[in-house]
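Okay, structure first, notes after.
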Amino acid sequence: MITNPRNDFERMFGPYPDGHCFEIESSSILKKINDKAKQQGEGVKIAEFLLLRTANGKTSISIIEAKSSAPQDDDKYINDVQEKLSNSLSLFIAIYLQRHNNNNSELSDFFKQTELSNVSFILILAIQNCEKSRLPPMQDKLKTVLKKTARIWNIDLNSIIVLNEAGAKKHGLITPTTAQ
């Protein structure tokens, strides 16, 4: 499971193999960035974590934003999620490329040794308390607001996913043994 959960839903994620989960939201580089940004009255919003997986010879990195609930028809909510997912992708690549004081020590060797040119990125919003019928319209909205990011990074729009707790279990983000 992730080591720095902020709520009960986040406690349910994992466990993952050692070195395959990067808790970007808790990274010291983000803290430094936000300490500087707060002096100017702004901060960088970021997703909870990244998950590195390899299956059938293909590597993917999922960027996961976890929410306990979602409001009805709130564009601000979707825009906030878009900002977090986009910022997380950018910050991860900046860390990978050692753009911050040549320091990517927070990344495990698994992340460091991954050739990013061959990685598929998956952008995931996981919402604990969300009816299944609400997921497709929310996913459509998220795809719309992430379209530019997807084009820039050549991410397939089908790799932008909105899941509820059951979907997170099905995708292996939450294992049955960690669910409460």
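Set side by side, the residues ILE161, ILE155 differ, and just one is free of Cβ contacts under 8 Å to residues at least 40 places away in the same chain and in a strand (DSSP E or B), which is ILE161.
Of PHE92, PHE121, PHE110, which residue is open to solvent by less than 70 Å² (accessible area, probe 1.4 Å), touching a residue at least 40 places away in the same chain (Cβ under 8 Å) and outside any strand (DSSP E or B)? One residue alone meets the criteria, PHE92. Taking the stretch 35-54 as the search range and keeping residues that are open to solvent by less than 60 Å² (accessible area, probe 1.4 Å) and modelled with pLDDT under 90, which one is farthest from LYS84 (Cα to Cα)? My answer is ALA37. Given the condition surrounded by 13 or more Cβ atoms within 10 Å (Cβ to Cβ), more than 15 Å from the chain's Cα centre (by Cα) and not aliphatic (A, V, I, L, M), answer yes or no: does some residue in the stretch 74-88 qualify? Checked against the condition, which is being surrounded by 13 or more Cβ atoms within 10 Å (Cβ to Cβ), more than 15 Å from the chain's Cα centre (by Cα) and not aliphatic (A, V, I, L, M), the stretch 74-88 yields at least one hit.
The set of residues in the stretch 124-152 that are among the basic types (Lys, Arg) and either over 20 Å from PRO71 (Cα atoms) or open to solvent by less than 90 Å² (accessible area, probe 1.4 Å) (or both) comprises ARG134, LYS141, LYS143, LYS147, LYS148, ARG151.
The values are calculated or read from the model by the stated rules, or taken from the named source; none is laboratory data. On a predicted model such as this, the values are computed, not experimentally measured, just so you know. Positions of Cβ are backbone-derived with ideal geometry, glycine not excepted, and every protein chain shown enters the neighbour counts. These accessible areas exclude ligands, DNA and RNA; they are computed on the full protein's heavy atoms, side chains included. Shrake-Rupley method; radii C 1.70, N 1.55, O 1.52, S 1.80 Å.
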